[in-house]
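FYI, it's all coordinate maths here, none of it is from the lab. All of these numbers come straight from a predicted model, not from anything done at the bench. FYI the Cβ positions are ideal-geometry reconstructions off the backbone, even for glycines, and counts take in every protein chain you see.
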Amino acid sequence: MLETVVMGSVGKGSWRGVARAGFVTMMVLAPMAVAAPARAAVPPRYVITDLGALGVAETSVAKAISNAGVVVGSSTLAGVSRAVRWSGGSIVNLGTLPGGGGSTANAVNDAGQIAGTADRLTTRYGSPVRWNAAGVIQDLGGPADDRLGAGNGIDPAGRVAGGQRPAGSEGGPLAILYDQAGAPAELGDPPDSLGAANAVNAAGQVVGDPAFVWRGGHLTKLPGLPGGSAEWYQPTATAINISGQIAGSASASSSIDHRAVIWRGGAVADVGTIDGIAFSEATGINAAGQVVGTADPKCRPCPAPRAWFWQPGGVITALDTLIPAGSGWTLREANGINDRGQIVGSGLHGGALHAFLLTPVFSATVNFQPASSVVPAGYTADTGAVYGPRAGGLTYGWNVDNSANGREREAANAPDQRYDTFNHLQGPGGATSWELAVPNGAYLVHLVAGDPGSGDGVYKIDVEGAQVVSGTPSAAARFVEGVARVLVSDGRLTITNAAGAVDNKIAYLDVLSSL
């Protein structure tokens, strides 16, 4: 069963840390107008893990999570913030610059490189930094001591999005993209036309303040909400996914209130807020378009901040309502979400402010590829075998052996490994359907079809009997992708060719438990 259809094409706050060729997107979901927060009781959707801190009496905050499951953020140590990495059940103190004071980690890529901020000994000003996978820190701030700044985002190649203020200036950081060697490139023209950059995706798109998206020297300003007041609050672009969808916030009226928003294909939509709280910001978005953020009253005394979740076709929902009852957690902020649907942030647990990790009760992320290809971080490989048990406790596969039709292109125009490999749904041998064993229930399915080496064919793919992907690739847009909420009642999620398909090619698949 599939719900409502809408079609469209798609081409962190200022110190925190759209034009794009190559993708055509079909969103199969409810209209973007968002209803009031959900209140009905639902079964737990996530398992929650306390990530801990650097000491028994210390606090911690998780800022980001990679598809590999590595979490980064900060923990206090003797009252001073220290950048940390959580991986494999342990916490590692990443330290700071030699002789410096505090530090924080704001973003991590699947190679284990981390972007953040660390104090310099000479001035105690924060400087943008990058840690390599071994935890060695690199100062990206240049020779001037007074250029306060931050590293807010990092792409798969290790380029860091962030910013610094000009030397001798008391202003805020300006948008900068630091390359693999650490060389800075200012994105604004003039430089002070843009605030700090907040995130960068694998396609080289950078977003930041006031809401903009930049790629390869081309800058696009993003619109605010109708009736919003830029005088009080400039729109902010905080996060961007692989498809170019952007999350952030914008003024919702002529007052200083602002709301979480998303931009798709350049159009803005109000995500809403929780409990009527006037201030809400979206802080993370994954490939399937799931969004997380925080509703914060920004005043004291006031209701406490609340972490929230939203997905295409759904309503904004407090994360507290999606974890097991009696967990002892009060979730205050949600800061990041990966393509596997895992969410990180911070909340109160046993009276302490600690970082948390939420893991969906069920998710499956599958890459279609030859057996010899590298498996993308966080994914399980489908190499064309007939339906049966696979790694990670999953069961999936084809109606007949399809291993001969897996391909890898090693193409420069593939944003990452998921887009460089695929298998044929209509190739020689009769493989025409693929299935995944799932518990009966609702799932958000994100499906990508395409071939970086060819713009031929007509991609039309059904999930559970209804069309999710529909589009014609071209030299400029090699991939067609769709997102749908589907209901499974027979224990198997089924993917087949839709009527009118020509040379269907499936690249990767995200299946996430849904409200």
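Diagonalise the Cα gyration tensor of the stretch 43-358 and give the resulting equivalent ellipsoid semi-axes, square root of 5 times each eigenvalue, largest first, whole Å.
Values for the stretch 43-358, descending: 27, 25, 18 Å.
Assign unit charges at the C-beta atoms only (+1 for Lys and Arg, -1 for Asp and Glu), then state the dipole size of the chain relative to its Cα centre in Debye, rounded to the nearest 20.
For this selection, approximately 500 debye.
Of the listed peptides 463-475, 385-397, what is their order by residue-averaged count of other C-beta atoms within 10 Å, with the highest listed first?
Peptide ranking by packing, descending: 463-475, 385-397.
The stretch 340-392 to the stretch 458-515: how many Å between their Cα centroids?
20 Å
Using the charge dipole of the chain (Lys, Arg: +1 at Cβ; Asp, Glu: -1 at Cβ; taken about the Cα centre), state which of VAL400, PRO415, SER514 has its Cα farthest towards the positive end.
Of the options given, the answer is SER514.
So what J values fall out for the stretch 425-432 if you push phi through Karplus, 6.51 cos²θ - 1.76 cosθ + 1.60 with θ = phi - 60°, rounded to Hz, Gly and Pro as x?
8, 9, x, x, x, x, 6, 10
For the chain, what number of Lys pairs, 8 or more residues apart or on separate chains, have alpha-carbon atoms under 28 Å from each other?
7
Output the peptides 357-364, 209-216 sorted from most to least packed, where packing is the average of other Cβ atoms within 10 Å over each peptide's residues.
For the peptides 357-364, 209-216, the packing ranking is 209-216, 357-364.
Between the stretch 424-449 and the stretch 128-156, what is the separation of their alpha carbon centroids in Å?
Using only Cα atoms to place each centre, the spacing works out to 42 Å.
Distance between the C-alpha centers of the stretch 202-220 and the stretch 239-268? Whole Å please.
14 Å
Using a basic spin-label model with each label point 7 Å from the Cα along Cα→Cβ, how many nm lie between VAL458 and ASP145?
My value for the distance between the label points is 6.9 nm.
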